[in-house]
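To keep things clear, I will list the structure first and then write my remarks on it.
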């Protein structure tokens, strides 16, 4: 039996979730049933103020999701949570925040190939091996006055490369390192909501 579809979008320090079955541990500030596209825009603008809000949108999930998407240009990306043979995890430091390697999908490229390429390019390692897919995360940002919705497809990967890591500085990456599981959990706490989601899933 397939699980009901759900979408969780991180907007700054806030998030909006679309679906009818949610984790009981999540406390929502507001709930809306089948809001109009105009109301969704109002909610987006409220979330962009960075108030750490959690909003749930219930009802017809696919219709609500489609209406939400009308306010964004979608740019797809892929990345990896990579573990080496000693059990450590690969993290990058970009724009002052510890992050995971990821990047935009190129025309004609498969999602899996994109994920492997981005890890290879951003960290300077040999191509890792995909073990399994993880969750797809969603976050938004503003680019040249336009709202962007970025779905990122994540994969759990393994790497046998023991060579020196080389950060892709032209992408704003200042450091790349292997860290323990304990440190990965700690660094993720201060990272983006989407990264916390991937680390929590991948390390369990």
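With a ≥ b ≥ c the root eigenvalues of the C-alpha gyration tensor of segment 7-71, is it rounded (a/c under 1.5), prolate (a/b larger than b/c) or oblate? Please report the intermediate quantities before stating the final value.
Details: a/c = 1.78, a/b = 1.06, b/c = 1.69.
Oblate, because a/c is 1.5 or more while a/b does not exceed b/c.
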_segment 110-130 and segment 134-150: distance between their alpha carbon centers, rounded to Å_ = 21
_Based only on other Cβ atoms within 10 Å, what is the fewest-to-most ordering of 49, 43?_
49, 43
*Top mean-square fluctuation among 16, 131, 92, Gaussian network model of the chain, C-alpha springs under 10 Å?*
131
_Which labelled figure in (1) 53, 37, 33; (2) 84, 57, 24; (3) 52, 44, 28 is Cα extents along the principal axes in Å, once derived from the coordinates_ = (1)
*Quick one: helix 193-203 against the long Cα principal axis of the chain, what's the angle to the nearest 10°, folded into 0 to 90?*
50
*Taking only Cα atoms and a 10 Å spring cutoff, compute GNM fluctuations for the chain and point out the largest among 177, 144, 189.*
144
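If we count other beta carbons within 10 Å of each Cβ, what is the order of 31, 147, 94, fewest first? If you can, show how the numbers build up before the last one.
Working: 31 12, 147 16, 94 20.
Taking fewest neighbouring Cβ atoms as first place, the list is 31, 147, 94.
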*With everything on Cα atoms, drop me the angle between helix 111-123 and the longest principal axis of the chain, reported from 0 to 90° to the nearest 10.*
50
*So for 58, 170, 63, 122, fewest C-beta neighbours within 10 Å to most, what's the order?*
170, 63, 58, 122
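FYI, it's all coordinate maths here, none of it is from the lab. Just so we're clear, the structure is a prediction, and the values are computed from it rather than from any experiment. Every residue, glycine as well, gets a Cβ built from its backbone with ideal geometry; the counts of neighbours run over all protein chains shown.
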